[in-house]
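The values are calculated or read from the model by the stated rules, or taken from the named source; none is laboratory data. Every value quoted in this text rests on a predicted model; they were computed, and no experiment measured them. Because the Cβ atoms are built from the backbone with ideal geometry, glycine has one as well, and the counts that use them run over all protein chains shown.
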Amino acid sequence: MLRGLWTLLAVAFTLAVIALSMIMNGLFGYSLGTTELNARIFAALSAAGDGLKSLLPLFIDRQLADQNWRAAVAGSAVFLLLLTYAIASAVGFAAQNRGDQAATRDNLNVALSEASAALKAAEARRAPLSTHRLVGEIEAELAGLRKDRLWDASAECTGATSAASRAFCKKIEALRGELAVAAEDQALISEIQQLRLEIKRAREAGAGRPSDLQAAAFRWITGLDEPSIRLGLAWLLAFAVEAISCFGLFAVLRRHRSDRPDITGPWRLVRKDTDTQAITGVRGKRLLAIDSISDSGEHRSHG
């Protein structure tokens, strides 16, 4: 009972891997199409070939057991072709997925680096600004001074001739300078807030970390460059998936010949009984023939 449950679970998991392998190869085949129709054709061919590849080991084993060598060789040739294509598709799918993911994180890291540099520059520009009041306060004071008679007397501070008008215009210029500083500070504050928001979003999206954490871990162990490690991991994934997809059902469902029910014993007994009956019948016929010959001889001697 327990053995049957294990077998059932193994078959279910193997079928799941086969289905995922078909989807993976189908997606990669879809990416090869230049039009929508071509993409669907490539996807269907890749998925169908991957499914057939999973069943061929069982067919080849059956043909070998029946000593059907030609069918076994033909099935092996088709199996090798499908296996080669499946591995190539799986490697392409895994490498493309890892490459896209690494490129996305690289772009996030670049954006984070640029935003951090811009933030430092904005904070550096804001640091030396002198203390000032709010923009509204300065503009309100300027608006009040423009109502002063000296504003009109000095032709809006373009023709200040008297000492009073010059002092008045000097105050106006100081307020204008303070207003410019306040406006620049306000713009820098808005820029800094926006840059901090961009940095926060970039970090939440995964920026600030290696583009491929797994490849970075293997790089720390092996010392190899990350592109080579990513390619090696893609090959590892492809081999693992295709190995299960190819030989999973064969390993789970194939029974050893010693575990198969022995039908030769009863067949031999039936055949032995049949042969014994046939031999007994032949011997009986020979005895009857001998008796008939002896009886005819006796009749002749009496005559």
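Here are a few things to note about the model shown:
- ARG62 passes every criterion in (1) closer than 28 Å to ARG254 by Cα; (2) in contact (Cβ under 8 Å) with a residue 12 or more places away in the chain; (3) among the charged types (D, E, K, R) apart from (2).
- Number of positions in segment 177-208 that are in a helix (DSSP H, G or I) and over 12 Å from ARG133 (Cα atoms): 19
- Test for SER46: is it in contact (Cβ under 8 Å) with a residue 60 or more places away in the chain, surrounded by 14 or more Cβ atoms within 10 Å (Cβ to Cβ) and hydroxyl-bearing (Ser, Thr, Tyr): no
- Among the numbered conditions (1) free of Cβ contacts under 8 Å to residues at least 40 places away in the same chain; (2) in contact with a helix residue (DSSP H, G or I) (Cβ under 8 Å, 6 or more places away or on another chain), the only one that GLY92 does not meet is (1).
- The single residue among LEU37, LEU64 that is surrounded by 14 or more Cβ atoms within 10 Å (Cβ to Cβ), farther than 22 Å from TRP235 by Cβ and modelled with pLDDT of 90 or more turns out to be LEU64.
- So ASN25, is it of a type outside the set (Ser, Thr, Tyr) and without any contact (Cβ under 8 Å) to a residue 24 or more places away in the chain: no
- Residue list for segment 67-110, restricted to those being at pLDDT below 90, surrounded by 15 or more Cβ atoms within 10 Å (Cβ to Cβ) and either of a type in the set (Asp, Glu) or over 17 Å from GLY26 (Cα atoms) (or both): ARG98, GLY99, ALA102, ARG105, LEU108, ASN109
- Test result for ALA71, part of a helix (DSSP H, G or I), of a type outside the set (Phe, Trp, Tyr), free of Cβ contacts under 8 Å to residues at least 24 places away in the same chain and closer than 22 Å to GLU242 by Cβ: no
- Once segment 188-214 is narrowed to residues that are without any contact (Cβ under 8 Å) to a residue 24 or more places away in the chain and not polar (S, T, N, Q), the residue that is farthest from ALA111 (Cα to Cα) is LEU213.
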